[in-house]
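Since the structure comes first, as structure tokens, the remarks are kept for the end.
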Amino acid sequence: MKNNRTFYLFISMLALVILLAACGNTESENDDQQNEEPSAESDNGDTSGGDEAESKSENSERTLTDALGNEVTVPAEPKRVIASYLEDYLVALGITPVAQWSVGDGATIQDYLQDSLGDVPTISYDLPLEAVTSFNPDLIIMDSAGMVEGNKYDQYNRIAPTYVIGSEQNNDWRDELLEMGKIFDQEEKANQVLADYEKKAADAKEQIQAAIGDESVAALWLFNNTFYIVSETLSSGDVLYNDLGLTTPNVVKEISANTESNWSEISLEKLAELDADYIFLINNDKGNGSEMLQDDIWKNIPAVKKGNIYEYESTSSWLYTGPIANSQVIDNILSDLTE
């Protein structure tokens, strides 16, 4: 997340950071690119979503209880779904929403999903009521309780049945996937998507650990000459350290213990202590001659000295989370570390 482009990037970033910090959805107002932050994505929340379908009517509508205790009547086959910042799960289940998450009037979107969502119009991440109404949705799905604070739930629910998946800022993506499967009566498919992911992660873990052993790995996001470091348990950090079992640098552990954000700013002092052997760099400043990459502190990090830097665009899946984003991150890591 300099001119109009920088402004949008800045808006998107804070939005993403807040998003990722707030579960990758609902951010407050921030500035540019994705993430807020930016999740999602920082503790895992309760995404059980309540009880299973309590009733089925003749037309197969189902009544489900969401994470906030709301009884929600879900259409038999929802056709016009809005599920802002949950599009990863929709695509994984073969569902196309009527509108997709964006920041800055569509300047920032989830680029990694555009093979599936390229023709889908955008809607602002904060879901303005008028914009939501204009899409005439038949089902609205909210990622977390923060998105419907105050009387927002009632306002959205007047537009279309509204289901809240989690009660916390950051909800576990696996739970969210299974909950989405329940909402759409596709539990079998959701479980298969998860099983396929777990197998992919296990296979990659074996290959990567055989290639680099216990050498440590970190992911950094560079935006406007400021570095952000991924949490040990959120976003792509969850993939690195939990799914793939890679060694966590001490600085990552320290910063993660004191934040709820998916990505947290790292000071130059702490950057100097980063003893990572490999670094994945998500570079918003690429092409702008970032001063930070010329700084002696950066140049003296072990991974930089060894040439073990793997750079990705900010439009890649590294700033997001979900079965598709995480699977793409595994592909990147596997390719980079096992060559």
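The values are calculated or read from the model by the stated rules, or taken from the named source; none is laboratory data. Only a predicted model underlies this, so the values are computations on that prediction, with no experimental measurement involved. Note that we place each Cβ from the backbone using ideal geometry, even for glycine, and neighbour counts take in every protein chain shown. Areas reflect the complete protein model, heavy atoms only, side chains present, ligands, DNA and RNA absent. Shrake-Rupley method; radii C 1.70, N 1.55, O 1.52, S 1.80 Å.
So Lys253 fits all but one of (1) of a type in the set (D, E, K, R); (2) part of a loop (DSSP other than H, G, I, E, B); (3) surrounded by fewer than 19 Cβ atoms within 10 Å (Cβ to Cβ); (4) modelled with pLDDT of 95 or more; what number is the exception?
Exception for Lys253: condition (2).
Filter the stretch 309-337 for residues that are modelled with pLDDT of 95 or more and open to solvent by 30 Å² or more (accessible area, probe 1.4 Å) and give the result.
Ile309, Tyr310, Glu311, Tyr312, Ile324, Gln328, Asp331, Asn332, Leu334, Ser335
Taking the stretch 263-272 as the search range and keeping residues that are open to solvent by 20 Å² or more (accessible area, probe 1.4 Å) and outside any loop (DSSP other than H, G, I, E, B), which one is nearest to Ile330 (Cα to Cα)?
The residue in question is Glu265.
Could you please find all residues in the stretch 228-241 being part of a strand (DSSP E or B) and within 21 Å of Leu337 (Cβ to Cβ)?
Selection gives Ile229, Val230.
Take the residues of the stretch 116-143 that are among the β-branched types (Val, Ile, Thr) and within 20 Å of the chain's Cα centre (by Cα): which is surrounded by the fewest Cβ atoms within 10 Å (Cβ to Cβ)?
Val120
Determine which single condition Ala160 fails, assuming it passes every other condition in (1) within 28 Å of Ser235 (Cα to Cα); (2) buried (at least 18 other Cβ atoms within 10 Å of the Cβ); (3) more than 21 Å from the chain's Cα centre (by Cα).
Result: Ala160 passes all but (1).
If you go through the stretch 282-302, how many residues are in a helix (DSSP H, G or I) and surrounded by 21 or more Cβ atoms within 10 Å (Cβ to Cβ)?
Here the count works out to 1.
Count, please, the residues in the stretch 206-230 that happen to be hydroxyl-bearing (Ser, Thr, Tyr) and under 20 Å from Asp243 (Cα atoms).
Going through the stretch 206-230, the residues hydroxyl-bearing (Ser, Thr, Tyr) turn out to be 216, 226, 228.
Still in the list and also under 20 Å from Asp243 (Cα atoms): 216.
Qualifying residue count, the stretch 206-230: 1.
Between residues in the stretch 81-106 that are among the aromatic types (Phe, Trp, Tyr) and residues that are assigned to a loop (DSSP other than H, G, I, E, B) and crowded, with 23+ Cβ neighbours inside 10 Å, which pairs lie under 6 Å by C-beta distance while being six or more apart or on different chains?
Pairs found: Tyr85/Gly24; Tyr85/Asn25; Tyr89/Gly322; Trp101/Ser84; Trp101/Tyr85; Trp101/Tyr125.
Given (1) farther than 16 Å from Ile309 by Cα; (2) open to solvent by less than 10 Å² (accessible area, probe 1.4 Å), identify the lone condition not met by Phe227.
Every listed condition holds for Phe227 apart from (1).
What single numbered condition from (1) modelled with pLDDT of 95 or more; (2) surrounded by 18 or more Cβ atoms within 10 Å (Cβ to Cβ); (3) not charged (D, E, K, R) fails to hold for Gly146?
In the conditions (1) modelled with pLDDT of 95 or more; (2) surrounded by 18 or more Cβ atoms within 10 Å (Cβ to Cβ); (3) not charged (D, E, K, R), Gly146 misses (1) alone.
Does Glu87 satisfy the condition of being out of contact with any helix residue (DSSP H, G or I) (no Cβ under 7 Å at 6 or more places or on another chain), surrounded by 23 or more Cβ atoms within 10 Å (Cβ to Cβ), within 23 Å of Thr233 (Cβ to Cβ) and at pLDDT 95 or above?
No; evaluated as a whole, the condition is false for this residue.
Yes/no matrix, rows are residues, columns are (1) in contact with a Ser or Thr (Cβ under 7 Å, 6 or more places away or on another chain); (2) not in a helix (DSSP H, G or I):
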site: Ala219; (1), (2): yes, yes
site: Gly245; (1), (2): no, yes
site: Ser261; (1), (2): yes, yes
site: Leu274; (1), (2): no, yes
site: Phe280; (1), (2): no, yes
site: Val304; (1), (2): no, no
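Would you confirm, using the coordinates I've provided, whether Glu206 is modelled with pLDDT of 95 or more, touching a Lys or Arg at 6+ places or on another chain (Cβ under 8 Å) and either closer than 24 Å to Asn170 by Cβ or open to solvent by 60 Å² or more (accessible area, probe 1.4 Å) (or both)? It would help to see each step written out before you state the result.
Numbers: modelled with pLDDT of 95 or more: yes; touching a Lys or Arg at 6+ places or on another chain (Cβ under 8 Å): no; either closer than 24 Å to Asn170 by Cβ or open to solvent by 60 Å² or more (accessible area, probe 1.4 Å) (or both): yes.
Here the answer is no, as Glu206 does not meet what is asked.
Scan the stretch 182-209 for residues that are in contact with a Ser or Thr (Cβ under 8 Å, 6 or more places away or on another chain) and not aromatic (Phe, Trp, Tyr) and report the count.
First, the residues of the stretch 182-209 that are in contact with a Ser or Thr (Cβ under 8 Å, 6 or more places away or on another chain): 197, 200, 207-208.
From what's left, not aromatic (Phe, Trp, Tyr): 200, 207-208.
Result for the stretch 182-209: 3.
Answer yes or no as to whether Ile95 is modelled with pLDDT of 95 or more, within 17 Å of the chain's Cα centre (by Cα) and open to solvent by less than 60 Å² (accessible area, probe 1.4 Å).
No: the conditions fail for Ile95.
Taking the stretch 98-115 as the search range and keeping residues that are open to solvent by 10 Å² or more (accessible area, probe 1.4 Å) and among the hydrophobic types (A, V, I, L, M, F, W, C), which one is nearest to Trp173 (Cα to Cα)?
Looking at the filtered set, the residue picked out is Ile109.
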